[in-house]
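What follows is a short report on a single structure.
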Amino acid sequence: GGEREEGEEKKKPLVAADRVTPFDRWLGLDKDLEAELNDGVDQDVTYVDPSDASNYVSLSLVKPMGIAFVENEGGCGGVFVDEVLDSGSAASASPVLARGDQLVAVGSTLVLGWEFDATLDAIKASDDSATKLVLFRGPTSFLYGPTKASEEWYQENLL
């Protein structure tokens, strides 16, 4: 028969929200899709202004920093903090880094939208005793979207 085994359900392909058909609803795929879209996303995403310096965190860290960065998805480039490891200087740093903080600058170099390897190279290339990192605390949609701050703004306010 057509019985499914336990756990097999999770393999159903998800459809993009704008492509959900009545058939998908009948199969129950829309529930999975909506759950995935809403998964961990605060329904009331408040606007975080990328042109407001108070939405940025700046700190100088000695290497090894102990920060696991991950590249953003969705083609905007750039990296964010995935995890702060106990072993590095970031673990005891103030302000405390949070998962999801977007790396904006290394020293005086703007690394917004850079590829993962190029960003890490910028961190490695920094030979100051402590490396200054500037991070944006907010969603990529504001940091890279139509509301993004200009390069001049970063130079004047954060770097």
Output yes when any residue across segment 100-107 is within 18 Å of the chain's Cα centre (by Cα), among the charged types (D, E, K, R) and closer than 19 Å to residue 159 by Cα, and no when none is. yes
Just checking, how many residues over segment 99-109 are closer than 20 Å to residue 74 by Cβ and part of a loop (DSSP other than H, G, I, E, B)? 3
Give segment 26-47 a look and list any residue that's of a type in the set (A, V, I, L, M, F, W, C) and either at pLDDT 95 or above or surrounded by 17 or more Cβ atoms within 10 Å (Cβ to Cβ) (or both), or say none. 29, 33
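Within segment 46-70, how many residues turn out to be in a loop (DSSP other than H, G, I, E, B), out of contact with any strand residue (DSSP E or B) (no Cβ under 9 Å at 6 or more places or on another chain) and touching a residue at least 40 places away in the same chain (Cβ under 8 Å)?
Of the residues in that region, 3 qualify.
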Given the criterion part of a strand (DSSP E or B) and over 18 Å from residue 159 (Cα atoms), identify the matching residue among 73, 83. 83
Output for segment 110-131, where each listed residue is within 19 Å of the chain's Cα centre (by Cα) and either within 18 Å of residue 56 (Cβ to Cβ) or assigned to a loop (DSSP other than H, G, I, E, B) (or both): 110, 111, 112, 113, 114, 115, 119, 122, 123
Suppose we keep only residues that are in a loop (DSSP other than H, G, I, E, B) and open to solvent by less than 30 Å² (accessible area, probe 1.4 Å) within segment 148-159. Which one would you say is farthest from residue 107 (Cα to Cα)? 149
Scanning segment 114-134 residue by residue, those closer than 14 Å to residue 71 by Cα and open to solvent by less than 30 Å² (accessible area, probe 1.4 Å) turn out to be 119
Just need a number here: residues in segment 132-142 that are part of a helix (DSSP H, G or I) and of a type outside the set (S, T, N, Q). 1
Test: residue in segment 13-25 that is modelled with pLDDT under 95, open to solvent by less than 80 Å² (accessible area, probe 1.4 Å) and touching a Phe, Trp or Tyr at 6+ places or on another chain (Cβ under 9 Å): no
Within segment 89-99, restricting attention to residues that are of a type outside the set (A, V, I, L, M) and touching a residue at least 24 places away in the same chain (Cβ under 8 Å), which residue is most open to solvent (accessible area, probe 1.4 Å)? 94
Members of segment 68-88 that are buried (at least 18 other Cβ atoms within 10 Å of the Cβ) and out of contact with any Ser or Thr (no Cβ under 9 Å at 6 or more places or on another chain): 81, 84
(1) assigned to a loop (DSSP other than H, G, I, E, B); (2) out of contact with any Pro (no Cβ under 7 Å at 6 or more places or on another chain); (3) open to solvent by 30 Å² or more (accessible area, probe 1.4 Å): which one isn't true of residue 145, the others all being true? (3)
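The values are calculated or read from the model by the stated rules, or taken from the named source; none is laboratory data. The structure displayed is predicted, hence computed values, not measured ones. Counting neighbours? That spans all protein chains shown, and the Cβs are built from the backbone with ideal geometry, glycine included. Accessible surface is based on the protein model in full, side chains and every heavy atom, while ligands, DNA and RNA are left aside. Shrake-Rupley method; radii C 1.70, N 1.55, O 1.52, S 1.80 Å.
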